[in-house]
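Here the structure comes first, spelled out in structure tokens, and everything after it is commentary.
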Amino acid sequence: MWVNLLLILVLLICAITDLKSRKIYNKVIFPSLFLAFSLHLFHGGWERLFSSIEGFFMGFSLLLIPYLFGGIGAGDVKLLALIGALKGVSFVLYTAVYMSILGSILALLILIWGKPAFSNLKSLCYYLIHLKSGLKTSFPFEKKNLSVSYPYGIAIAGGAILQLLLEGSVVLW
């Protein structure tokens, strides 16, 4: 029970800070991680602590490669590692599946309704019209519109909450 409450609190804080400033703060992650390891050791002994450490490394490894290629921030990696430390390997794997789906949906929505999408579409139309007319034009897309970022912490939090709901850990009524 305490694990779920801590997880929900951390997810709420991280989602809000990621929305506002595009950052997931270490001052939220590291104390929560220390608390997770300590409470698992206190309530379940060495076996629960080792299970928590396994979950931590699984969550960490799932987002390490996207981080190394610059696709996501370090805070996202640490948040998923914390989720693994709190809930274990199986939970973090399911969370990763759901966060991927939610992240994809979020990215599509941003591409469809975001301002850069309309600007890029307009530039592409002008480019094609000029190309058909035989005019040489420059690259049709504005450089600033080619790199759109969004708070992936929202997808991570959504995936974890969805997994909590599906496993029946959180009752809404």
Pick from the stretch 1-40 the residues that are among the aromatic types (Phe, Trp, Tyr) and within 17 Å of Val77 (Cα to Cα): which of them is surrounded by the most Cβ atoms within 10 Å (Cβ to Cβ)? Tyr25
Taking Phe60 as meeting all but one of (1) open to solvent by 40 Å² or more (accessible area, probe 1.4 Å); (2) closer than 19 Å to Val3 by Cα; (3) modelled with pLDDT under 95, write down the number of the exception. (3)
Restricting attention to the stretch 41-57, which residues are exposed (fewer than 14 other Cβ atoms within 10 Å of the Cβ) and of a type in the set (D, E, K, R)? Glu47
Please give the number of the condition Ile129 fails out of (1) surrounded by 14 or more Cβ atoms within 10 Å (Cβ to Cβ); (2) in contact with a Leu (Cβ under 9 Å, 6 or more places away or on another chain). (1)
Name the helices (runs of 4 or more DSSP H) wholly within the stretch 1-111 that hold at least 2 residues that are closer than 16 Å to Ile154 by Cβ and more than 18 Å from the chain's Cα centre (by Cα)? none
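The values are calculated or read from the model by the stated rules, or taken from the named source; none is laboratory data. Keep in mind that what you see is a predicted model, and the values were worked out from it rather than measured. Here Cβ is always computed from backbone atoms with ideal geometry, including for glycine, and neighbour counts include all displayed protein chains. Side chains included, ligands, DNA and RNA excluded: accessible areas come from the protein's heavy atoms. Shrake-Rupley method; radii C 1.70, N 1.55, O 1.52, S 1.80 Å.
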